[in-house]
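Notes follow the structure.
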Amino acid sequence: MYCIVGAGIWGATIAERIASVLNEKVLVIDQRDHVGGNSASFLDEQTGIECHRYGSHIFHTSIAEVWDYLRRFCDFTTYRHKVLTTYAGKVYTMPINLETINSFYGKNLHPYEVKGFLAEEIARAGITSPNNLEEQAISLVGRPLYEAFIKGYTEKQWECDPKQLPASIIQRLPLRFNYNTDYFNDRWQGLPKDGYFTLFKNILHHPNITLRLNTTFETVRAELPTDVRIIYTGMPDQLFHYKYGELEWRSLRFEWETKAVQDYQGTTVMNYSDATVPYTRIHEFKHYHPEREQPFLCEKTVICREYPQAYDRTQIPCYPVNNERNTGLYALYAREAEQQGILLGGRLGAYRYWDMDKAVDNALHTFQKDIMRH
Ligand SMILES: Cc1cc2nc3c(=O)[nH]c(=O)nc-3n(C[C@H](O)[C@H](O)[C@H](O)COP(=O)(O)OP(=O)(O)OC[C@H]3O[C@@H](n4cnc5c(N)ncnc54)[C@H](O)[C@@H]3O)c2cc1C
């Protein structure tokens with residue numbers, strides 16, 4: 001028997017593989033009252049709009065194995081993600097592309113002119129060897145674009161001066177020298193046609209799988225049979241009562257509002273790059289599904305403002321802080337887990353940021369490598 005702690009996309013994938021391929025019993029538990037982990041969504045009762053509980057989640061991948069695997073459980077829409085940014089009261093397209101540059105500088109440059117134009121901007125800043133994030137970003141796009149689109153956003157995201165952040169955070173910026181405004185370059189993208197809740201319901205729908213929500217690992221641990229194999233997708237420091245210290249995370253706060261207008265911002269995600277605006281982005285969920293006529297045309301709309309914040313144990317762990325201290329600390333917890341025969345997995349258990357496709361890919365490979373061949 002297997003016990004999988006966490007019904008996020010990693011835990012659900014590995015549960016399905018064990019149940020289907022090995023024909024073994026699997027108990028999946030989650031402390032939350034829903035499946036799907038951070039990729040979960042819900043239907044807003046008033047409007048019928050599908051809202052992503054923990055910020056916009058768009059599925060995108062270039063991994064054929066992952067794309068084929070997930071399409072066994074749902075069809076995907078043809079949605080293609082675009083992002084806009086409001087800066088100083090004006091809206092620009094992201095990632096920085098020819099339209100952003102022309103609109104920002106009031107020019108009409110051609111693709112073959114823009115590299116030279118930016119090179120002059122970069123040279124004007126006179127940075128030869130960048131020592132921090134600010135210098136690195138300026139050496140990639142020049143000071144004016146940095147100050148408009150990167151500085152304030154980064155200050156809010158990390159709650160510190162970009163000069164205090166390492167240059168390594170941005171090796172390169174996704175600059176486009178044409179009018180391509182697609183946010184992702186992946187081969188496939190879309191949203192589960194019938195919602196994330198249906199995707200997760202279908203993955204976990206198997207006679208060998210038992211699901212227990214509102215259940216923490218700590219509360220069921222004592223009642224598990226002694227030969228159970230535990231696969232843990234929670235935080236390793238919490239699992240071991242923080243005995244070596246606490247792993248650091250960045251967190252987010254979501255502020256929800258229903259607006260009495262048919263369309264609030266005309267798009268799914270609007271970034272706000274001014275440091276004076278306290279949130280980094282606003283999500284408007286109805287735009288993810290223009291094909292769902294009734295919620296799309298509803299005279300109301302659901303929006304959600306996203307505020308970056310420091311993490312404490314009462315908050316959602318969103319982004320790991322992968323520095324030297326935390327890497328060392330994680331290694332201690334990983335060793336402890338291995339000694340106790342607990343398999344750590346998922347973004348929390350691995351202490352990594354993974355998009356959903358990378359999480360599924362890792363789960364499929366972990367199944368092959370650590371479970372099938374065990
Ligand atoms: C703001 C934000 C936006 C994102 N947007 C995208 C996007 O657009 N596209 C994309 O591909 N990816 C996106 N991601 C990444 C995506 O959220 C992850 O890939 C995904 O959540 C990984 O799934 P997981 O199963 O590893 O972890 P999770 O989804 O975090 O699931 C872990 C589960 O374990 C449960 N758990 C933990 N500890 C315990 C315990 N002790 N007892 C019981 N249950 C426990 C938790 O309640 C949780 O439900 C985004 C991430 C963030 C933070």
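Only the coordinates and a few stated rules stand behind these numbers; no lab work does. No experiment lies behind these values; they were computed from the predicted model shown. Here the Cβ is made from the backbone with ideal geometry for all residues, glycine too, and neighbour counts use every protein chain on show.
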Sparsely packed trypsin sites (Lys or Arg not before Pro) within the range 233-269, loop by DSSP, other Cβ within 10 Å at most 13: LYS243
Cross-link reach list, lysines versus LYS25, counting only Cα pairs under 26 Å and skipping chain neighbours closer than eight places: LYS201, LYS358, LYS369
Ratio of Rg to Rh over the chain (Cα coordinates, Kirkwood Rh, two decimals): 0.99
Full-stretch length increase - ASN214, LEU173 - with 0.36 nm per residue and alpha-carbon distance subtracted: 10.7 nm
Candidates ALA88, ALA222, ALA123, ranked by Gaussian network fluctuation over the chain, Cα under 10 Å, top entry: ALA222
Average Cα contact separation per residue, the chain, under 8 Å, 6 or more apart, as relative contact order %: 27 percent
Projected area averaged over orientations for the range 103-169, convex hull of C-alpha atoms, nm²: 4.8 nm²
FRET efficiency, GLU293 to HIS34 (Cβ-Cβ, R0 22 Å, nearest 0.05): 0.25
Candidates ILE127, ILE96, ILE150: whichever shows maximal mean-square fluctuation once the chain is modelled as a Gaussian network with Cα springs under 10 Å: ILE127
Computed FRET value (nearest 0.05) for LEU43 with GLN309, which takes r as the C-beta separation and R₀ as 25 Å: 0.40
Chymotrypsin sites (Phe, Trp or Tyr not before Pro) restricted to DSSP loop in the range 161-211 with at most 13 other C-beta within 10 Å: TYR179
Loop sites in the range 205-300: GluC sites (Glu not before Pro), DSSP, at most 13 other Cβ within 10 Å: GLU291, GLU299
